[in-house]
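Structure first, then comments.
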Amino acid sequence: VNQAVDPGEATLRLYRGTGLGARFHVRIRWSSCPFRELAAVIPTRSRVLEVGCGHGLLAAYLALESSDRKVRGIDIDHAKIAVARAAGRRARRLGADLDFAAESPGSLLPGPWDAIVMVDVLYLLQEAEQRSLIEACARLLAPGGALVVKEMGPSPRWKFLWNRVQETLSVRVLGITQGGSLTFLGPDRLERVMRAQSLATASARVDRGYPHPHHLLVGRRSRE
Ligand SMILES: C[S@@+](CC[C@H](N)C(=O)[O-])C[C@H]1O[C@@H](n2cnc3c(N)ncnc32)[C@H](O)[C@@H]1O
């Protein structure tokens, strides 16, 4: 991995060979989601699984930022995974340890993982599925490993409402994201689900400078 190039720029370049739609999508996504802030909580030497990776933007960034990260991304959307795989092939030529696979809902890759990441995925699932996915992820964490979840929080109110409008358009009207209904459980309830899995949690707003109420939750397994 070329340390002279900013990993964010290098990540976006991976998508140059893909269609206009995907390129546009990853540009917008990159500028509207705090991926760098999320990467900052993931050790530079680690085994990372991203569940619901979409086009693979964060996974690719993590792998390009540090070639000591082994990064795997999965999603239920075959078209997005095809784009991610093409980016993955380019990233591997740069020395990154990165790969992607399409998986059926609820199916994960065997661990242990030092970090399992889910960015804006849980709200697309029913409450029971969200709980069982968090539980399944918790079981695959290595000792000291972390479940890193980025969802939308309830505050500030104007960001929350703006996000509702956009998500309804994206999921229900435009069909950009697969999913039937939207179930925002909110950070507090998700945190309780993590705690019930014996994960030690930390919760923080990461929305500074963004129009969306991004919220980060980290649930860490003990080292024993
Ligand atoms: C809003 S997109 C976010 C994509 C990516 N994480 C990002 O931040 O750009 C939600 C993604 O979750 C995926 N997804 C929905 N349900 C899933 C499930 N049960 N397992 C894995 N991925 C799922 C969708 O296909 C979609 O790519």
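Quick note: the coordinates plus some simple rules give every number you see, no bench work behind them. In this text, all values refer to a predicted model and were calculated from it rather than measured experimentally. Here Cβ is always computed from backbone atoms with ideal geometry, including for glycine, and neighbour counts include all displayed protein chains.
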(request) Just need the relative contact order of the chain here, percent rounded to a whole number, with Cα pairs under 8 Å and 6+ apart. (result) 19 percent
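What is region 29-128 by shape, rounded, prolate or oblate, if you read a ≥ b ≥ c off the alpha carbon gyration tensor as root eigenvalues and call it rounded for a/c under 1.5, prolate for a/b larger than b/c, and oblate otherwise? Can you show the working numbers first?
Working: a/c = 1.40, a/b = 1.28, b/c = 1.10.
It comes out rounded by the Cα gyration axes.
Can you divide the C-alpha Rg of the chain by 2.2 N^0.38 Å and report the result to two decimal places? Please report the intermediate quantities before stating the final value.
On the way: Rg = 16.3 Å, N = 224, 2.2 N^0.38 = 17.2 Å.
Here the answer is 0.95, to two decimals.
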(request) Report the one residue of 140, 196, 76 whose Cα lies farthest in the direction of the positive end of the charge dipole of the chain (charges on C-beta: Lys and Arg +1, Asp and Glu -1; origin at the Cα centre). (result) 76
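Rounded to the nearest 20 Debye, what is the dipole magnitude of the chain about its Cα centre when Lys and Arg each give +1 and Asp and Glu each give -1 at the C-beta?
On the way: 32 positive and 22 negative charges, 80 e Å.
Roughly 380 debye for the chain.
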(message) Which of the three applies to region 67-193, rounded, prolate or oblate, going by the alpha-carbon gyration tensor with a ≥ b ≥ c and a/c under 1.5 meaning rounded?
(response) oblate
(message) Among 96, 206, 53, whose Cα projects farthest towards the positive end of the dipole of the chain, with charges put on the beta-carbon of Lys, Arg (+1) and Asp, Glu (-1)?
(response) 96
(request) Along Cα→Cβ, 7 Å out, is where each label goes; now give me the distance between the ones at residue 4 and residue 32 in nm to one decimal. (result) 3.5 nm
(message) Could you identify which residue out of 151, 50, 167 has the top mean-square fluctuation in a GNM of the chain using Cα springs shorter than 10 Å?
(response) 167
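In deg cm²/dmol, rounded to 500, what helix-only [θ] at 222 nm does the chain give when every DSSP H run of at least 4 residues adds -39500 (n - 2.57) and the total is split over its residues?
That calculation yields -11500 deg cm²/dmol at 222 nm.
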